[in-house]
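What follows is a short report on a single structure.
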Amino acid sequence: QILKKLDVPYMCAVPLVFQSFEEWQSSELGLHPIQVALQVSLPEIDGAIEPIIYAGREGATGRSVPLADRVNLLADRGMKWATLKRKENQEKKIAITI
């Protein structure tokens, strides 16, 4: 209900929990299935959009390390959503794909 009242996009910023960034990039599976369930699927049920990986697990220590290019991507997407909200409906363009 709080998110509905705010009436803003709920972007899903995802840190890698079960994989290092290198493991994720080289994996044929992609994101670990448990992480998909917990950090992508469940937030989507609550209205989250655009899950974006922004940090990777460091192999030696296991700590989460932000990845500058991914943080910038997340910030850029947030700015684009904010810009879209301020546009008049007649100025917006949409594409529907199937």
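The values are calculated or read from the model by the stated rules, or taken from the named source; none is laboratory data. Because the structure is a prediction, the values reported are computed rather than measured. Cβ: placed from backbone, ideal geometry, glycine included. Neighbour counts: every protein chain shown. For the accessible areas, the whole protein counts, side chains as well, though only heavy atoms, and no ligand, DNA or RNA atoms are used. Shrake-Rupley method; radii C 1.70, N 1.55, O 1.52, S 1.80 Å.
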At a probe radius of 1.4 Å, what is the per-residue accessible area of S27, in Å² to the nearest 10?
40 Å²
Work out how much length A37 to K85 would gain on full extension: take 0.36 nm times their residue separation and subtract the Cα-Cα distance, in nm to one decimal.
14.4 nm
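What is the mean projected area of the alpha carbon convex hull for the range 1-62, to one decimal in square nanometres?
Numbers: hull surface 18.8 nm².
Spelled out: convex hull of the Cα atoms, projected over all directions, averaged, 4.7 nm².
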Which value, in Å³ per residue, describes the convex hull spanned by the Cα atoms of the range 12-98?
130 Å³
Note on the chain, DSSP bridge orientation, antiparallel percent to nearest 5 equals 35 percent
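How much of the accessible area of the chain, in percent, comes from carbon and sulfur atoms when a 1.4 Å probe is used? List each step's numbers first, then the result.
Working: 4350 of 7490 Å².
Percent of accessible area from carbon and sulfur atoms in the chain: 58.
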Rounded to the nearest 0.05, what FRET efficiency do S27 and A68 have when you use their Cβ-Cβ distance and R0 = 25 Å?
0.70
What residues qualify as long-range amide H neighbours of Q19, i.e. H under 5 Å apart, gap of 5 or more or another chain, H built at 1.01 Å from N?
R57
In the range 6-98, with Lys and Arg counted as +1 and Asp and Glu as -1 at Cβ, which of these residues, P51, N72, L84, has the Cα nearest the positive end of the dipole, that is, farthest along it?
L84
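Taking the Cα centre as origin and putting +1 on Lys and Arg beta-carbons and -1 on Asp and Glu beta-carbons, what dipole magnitude results for the range 6-82, to the nearest 20 debye?
Values: 5 positive and 10 negative charges, 33 e Å.
The calculated dipole for the range 6-82 is roughly 160 debye.
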Set Lys and Arg Cβ to +1 and Asp and Glu Cβ to -1, take the dipole of the chain about its Cα centre, and tell me which of T61, F18, Q1 lies farthest positive.
Q1
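Sorting check: for 50-61, 79-90, which peptide has the highest mean count of neighbouring beta carbons within 10 Å, and how do the rest follow?
Values: 50-61: 15.7, 79-90: 9.2.
Final packing ranking: 50-61, 79-90.
By the scheme Lys and Arg +1, Asp and Glu -1, what is the net charge of all other residues having a beta-carbon under 14 Å from that of L3?
Numbers: positive: K4, K5; negative: D7, E44, D46.
Neighbour charge sum, excluding L3 itself: -1.
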Proximal charge balance of V40 [Cβ under 12 Å; K/R count +1, D/E count -1]:
-3
